[in-house]
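Notes follow once the structure below has been shown.
Just so it is clear, none of the values below were taken in a lab; they were calculated from the coordinates. Note that the coordinates shown come from a computational prediction; the quantities given were computed from them, not determined experimentally. Here the Cβ positions follow ideal geometry from the backbone for every residue, glycine too, while neighbour counts run over all protein chains shown.
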Amino acid sequence: MKRNIITLTLLLAATVVSAQGIFDALRYADNSINGTARYMSMAGAFGALGGDASSIIDNPAGLAIYRSSEMTITGNFMTVQTNSKWDQPASGSKFNFNINNAALIFAYVDPMRERGLVASNFSFSYNRLKNFHRYADIRGGESLNSMTDYMASFTNGFAESALEKTDSNDPYDNINVPWLSELAYQGYLINPGAGADSLKWTSLLANGETSTGRYKAVESGSVDEFGFNYGANISNVFYLGAGFNLQSIDYAITSAYGETFEAGGNFVLRNNFYTTGVGFNFKFGAIVRPTSFMRLGLSLHTPTYYSMTDRFYADMEFDTEKKGTVSAPTGYADYFYRTPLKFQASVGFIIGKSAIISFDYLFTDYKGYTRLKSEVDETDVFDNGNAYALDNDDIHRYALSGHTFKAGAEYRLSETFAVRGGFAYQTASVGDDAIKSVPLNTIRTDMEYFKDQGSLYAAGGFGYRYGGFGLDLTYAYRQKNELFKPYETTELNAAKVVTNTHNVVLSLSYRF
């Protein structure tokens with residue numbers, strides 16, 4: 001008998017045709033350690049220290065530490081190397097330059113006051129919170145598992161006439177027909193049964209025939225933040241801050257998954273997916289200086305509320321019974337998206353006038369707050385009764401609470417020169433049992449997913465300051481670990497993917 005590789009995790013929901021899934025939702029939910037060179041060199045462990053333009057990202061009370069105004073800009077030269085191990089090793093790399101941070105900080109300090117409101121500070125800043133740039137190449141070996149079996153499982157229950165495109169019937173207009181099934185049918189990758197089994201579909205591959213798969217993808221885009229913050233210095237002991245932030249998401253991925261069949265023939269499924277979104281959030285923070293050598297910091301980030309638009313289209317090149325290319329129409333989805341609530345606790349130690357040691361802990365509630373909602377629903381915002389209920393259920397079932405640990409240090413060799421270093425660890429955002437659940441009538445055809453396995457971060461750098469002018473240079477390294485599958489099945493081993501990001505970061509600043 002034909003091998004049965006599919007363990008169905010697909011859920012039927014007739015009203016949902018463009019599900020996002022847990023992996024799409026969590027892609028935008030966390031941030032990288034991005035910012036000024038000084039901030040990145042200390043792994044972003046500035047929650048209790050402040051006094052840096054990027055410290056405001058984590059704790060707006062850091063703005064209140066400033067005793068003078070400042071303007072700063074930061075450039076980031078980034079090389080991303082992706083190494084994968086499926087049945088075969090493969091690698092890819094991509095280079096990108098971007099502006100990490102640009103800020104204008106105004107400090108209004110009353111030199112005659114030591115108690116009460118000593119300073120009122122304001123800032124306007126741009127920060128790149130996350131980069132998506134990556135090129136991945138993932139190569140499999142000969143396997144009895146084929147995506148054509150997965151395509152056939154989508155099509156079970158449909159008569160062949162439902163997939164035949166005629167003057168009076170366009171399957172892409174039928175809300176019950178999955179677009180993946182239509183591409184597979186038009187590409188001769190699946191066959192209907194006969195007689196009583198006419199609604200049961202099978203792969204074109206013969207029993208025991210193997211296939212060899214390969215996946216390639218190019219990702220680009222970012223999450224950016226525009227912040228408006230206020231910080232108050234109370235008696236040089238209490239530092240309070242609040243900020244209103246506008247965020248934008250711009251993400252694109254062009255991917256291709258193909259298989260070569262043992263008996264001859266092949267197919268390549270190409271997907272293009274674009275997302276844009278605009279949202280807002282609030283941040284609140286406090287820093288307390290109980291002694292001259294210690295600072296304690298707390299901050300809270302509300303969820304970011306986004307309005308999102310997805311656009312996607314696919315085509316498939318095939319060389320099977322016939323040879324050619326078929327295309328699906330462009331699909332669209334407008335929806336609301338809510339990111340997690342975040343809470344950070346920090347402690348910093350000031351050792352004389354020469355050294356700083358700091359530690360941050362960031363808690364991210366992926367499970368409790370990350371949600372999706374269709375813009376056309378009339379239900380309460382993010383209520384599970386909306387059209388994205390299946391996705392929200394998966395988020396609640398598989399997402400974890402995130403934990404990020406940061407540690408940083410700085411040593412001042414002289415009045416003008418300092419060296420720095422930092423380390424961070426971020427836990428996985430999803431559990432090991434997480435799967436990609438897809439509605440059986442989906443119009444999405446990109447079935448692949450990357451499962452987060454946590455990341456490591458290490459950095460080192462130096463700073464030079466003369467008068468009001470400052471120059472900071474940092475090298476930062478991030479290793480992100482993931483598992484990859486081109487489609488959901490329990491019988492296909494996941495590929496191991498390691499993404500190594502190398503950053504060379506330069507900041508220029510001027511205090512006045």
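Straight Cα distances below 13 angstrom link K85 to the aspartates and glutamates D137, E482, with same-chain residues fewer than 8 positions distant left out. Our estimate of slack between T325 and N174, defined as 0.36 nm per intervening residue step minus the Cα-Cα distance, is 52.2 nm.
The residues M151, M71, M447, M316, when put in order of fewest to most other Cβ atoms within 10 Å, stand as M71, M447, M316, M151.
Of Y388, Y510, the sequence from fewest to most neighbouring Cβ atoms within 10 angstrom is Y510, Y388. The slack between H502 and E262, meaning 0.36 nm per residue of separation minus the straight C-alpha distance, is 82.4 nm.
The distance between label points at Q479 and Y425 comes to 1.2 nm (points 7 Å beyond Cα on the Cα→Cβ vector). Going from the fewest other Cβ atoms within 10 Å to the most, the residues L129, L296, L240 appear in the order L296, L240, L129.
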